[in-house]
Amino acid sequence: LLGVVAGVGLIVTAIIRGGDSDIFVNMNAMLIVLGGMVSTTFIAFQSKKILEMVPVIINAFRPDVLTPIDYIDQIMGLAGKYRTGGMKVLENAEGKVENRFLKNGIGMIVDGYNGREIYEVLEQEINSLNGRHNAGQKILRFMGVQAPVFGMAGTLIGLIQMLMHIDNPSTIGPALATALITTFYGLILANLIVTPITAKLTMRTESEILLVKTIRTGVMGIFERSNPAKIAKSMNALLAPDERK
């Protein structure tokens, strides 16, 4: 959010310092760029999928809440309870688990799944998570391409209108400036808003997948009744040195 505010603020400041800032406010150009980008997105993708992206985009501006190290102590505690208290204690502890991936893994242990089945189910969860996130990012990448395209389309519209009155040289300068505004809008919308948000969501996907893989390692350690310290080392091995518990 700070990056967006700073980027827009710096560009607006530069425009104001350059003088004649009023020419950068053009409703027709905004209608062409936004209208073209949004309409083609609804043509290319299901409306339900597009509307589902609204809370996802809002979430991109929020800080990361949980990291893999937040679950290492919890998983070590579950492993210790399972080793000493058996299945009944683990079953009672399952209700206090909030993370749905960890809760699912513990539930499969309680339900009697074998190790291969637990691993495969959690692997499917990871693939499903990756697929859902990539589908949403595909929509944003499409929008990031369409914004500059319709900016150029708006410029062509403006040039055509300018050439219709080329017999009056005094109108060429202002008309050409107005025509180029749509390209400016398209570039700003794509490169200051849409593309950075897409990159942010891609990083979030990678972080969430790493989180699930770390949890999966812990779940497999619990299933195998491994020493909690050994489980912690196995989970830490998936993380960067500065992210380890």
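The values are calculated or read from the model by the stated rules, or taken from the named source; none is laboratory data. Everything quoted here is computed from the prediction, not taken from an experiment. A quick note on method: Cβ atoms are made from the backbone with ideal geometry, for glycine too, and the neighbour counts reach across all protein chains shown.
If the condition is being small (Gly, Ala, Ser) and on the phi < 0 side of the Ramachandran plot, then the stretch 108-155 contributes Gly115, Ser128, Gly131, Ala135, Gly136, Gly144, Ala147, Gly151, Ala153, Gly154.
So that you can scan it fast, the table gives a plain yes or no per residue for (1) over 21 Å from the mean Cα position of the chain (by Cα); (2) not in a helix (DSSP H, G or I):
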residue	(1), (2)
Gln137	no, no
Gly144	no, no
Leu159	yes, no
Ser170	yes, no
Thr214	no, no
Val219	yes, no
Arg225	yes, yes
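Could you please let me know if Thr214 is under 25 Å from Phe150 (Cα atoms) and surrounded by 15 or more Cβ atoms within 10 Å (Cβ to Cβ)? For Thr214, the condition - under 25 Å from Phe150 (Cα atoms) and surrounded by 15 or more Cβ atoms within 10 Å (Cβ to Cβ) - is not met.
Here Leu187, Leu201 are screened, and the one residue that is modelled with pLDDT of 85 or more, part of a helix (DSSP H, G or I) and surrounded by 17 or more Cβ atoms within 10 Å (Cβ to Cβ) is Leu201. Once the stretch 228-239 is narrowed to residues that are outside any helix (DSSP H, G or I) and touching a residue at least 24 places away in the same chain (Cβ under 8 Å), the residue that is surrounded by the most Cβ atoms within 10 Å (Cβ to Cβ) is Leu239.
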